[in-house]
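The structure under discussion appears below in the form of structure tokens.
The values are calculated or read from the model by the stated rules, or taken from the named source; none is laboratory data. The shown structure was predicted, so the numbers you read here are calculated from the model rather than taken from an experiment. We place every Cβ from the backbone using ideal geometry, glycine too, and count neighbours over all the protein chains shown. Side chains included, ligands, DNA and RNA excluded: accessible areas come from the protein's heavy atoms. Shrake-Rupley method; radii C 1.70, N 1.55, O 1.52, S 1.80 Å.
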Amino acid sequence: MKAFFPGSFDPFTKGHLDIVARGLKLFADGIIIGIGYNEHKPGRAEAAGRAAAELERLFEGVPRVEIKIYDGLTVDAAAASGAGVILRGFRNAIDAEYERSLADANHMISGLETVMLAARPELAPLSSSMVRELLHNDYDVSRFLPTPQDCIRACEGEKA
Ligand code: ADP
């Protein structure tokens, strides 16, 4: 089975990479990273395009990971790409509640199940919004962002 891992990934962090690497262990046919955007919000398509280009670069050496951009419903994008399950992560109780209601809604409208992985404790404080805030203040965020080498190492070490 393939899993669909949706998000905005603005930017894609080591927390996201950990979910992908652990997901590959569970879903032998691979993971589709879906970059969602809302076509009615100005500039979002361009931002999604930039995120996709970056993700293509990061996962070039990992054959079981595909990158897709989508607008509209996540469940439709997941089904269209042949995924049988949605993959998400959660860092804390607030995330967990939010993810639960998303998962419930997605199940209600499509029957698609969501598998949620708890963030590893050392990665739980890491979020895209935190990285953006640090970047905005000229803080060096490189240790929070994976390199293509990190992606290969993390994903190869987690073979199904
Ligand atoms: P969205 O905008 O849909 O919340 P994000 O790009 O922020 O998307 O996150 C995508 C998914 O990755 C979400 O399920 C989120 O909870 C999860 N995630 C983000 N950061 C981490 C982390 N540090 N550890 C585990 N999961 C994470």
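The number of residues in region 59-76 being under 14 Å from residue 107 (Cα atoms) and open to solvent by 20 Å² or more (accessible area, probe 1.4 Å) comes to 3.
Rundown of residues vs (1) of a type in the set (A, V, I, L, M, F, W, C); (2) closer than 16 Å to residue 74 by Cβ; (3) in a loop (DSSP other than H, G, I, E, B), yes/no style:
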| site | (1), (2), (3) |
| --- | --- |
| 1 | yes, no, yes |
| 9 | yes, yes, yes |
| 15 | no, no, no |
| 19 | yes, yes, no |
| 28 | yes, no, yes |
| 36 | no, yes, no |
| 39 | no, yes, yes |
| 42 | no, no, yes |
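Scanning region 69-101 for residues that are within 10 Å of the ligand (Cβ to nearest atom) and in contact with a strand residue (DSSP E or B) (Cβ under 7 Å, 6 or more places away or on another chain) gives 74, 86, 87, 88, 89, 90, 96, 99. In region 114-139, which residue that is closer than 16 Å to residue 34 by Cα and without any contact (Cβ under 8 Å) to a residue 60 or more places away in the chain is farthest from the ligand (Cβ to nearest atom)? Result: 114. For residue 43, the test of being more than 9 Å from the ligand (Cβ to nearest atom), surrounded by fewer than 22 Cβ atoms within 10 Å (Cβ to Cβ) and on the phi > 0 side of the Ramachandran plot is passed.
Quick check on region 22-29. Is at least one of its residues farther than 16 Å from residue 87 by Cα and buried (at least 21 other Cβ atoms within 10 Å of the Cβ)? Checked region 22-29: no residue is farther than 16 Å from residue 87 by Cα and buried (at least 21 other Cβ atoms within 10 Å of the Cβ).
Restricting region 91-101 to residues that are of a type outside the set (Asp, Glu) and open to solvent by 60 Å² or more (accessible area, probe 1.4 Å), which is nearest to the chain's Cα centre (by Cα)? The qualifying residue nearest to the chain's Cα centre (by Cα) is 91.
Taking region 53-160 as the region of interest, the helices (runs of 4 or more DSSP H) fully inside it that hold 1 or more residues being in contact with a Gly (Cβ under 7 Å, 6 or more places away or on another chain) are 74-80, 148-156.
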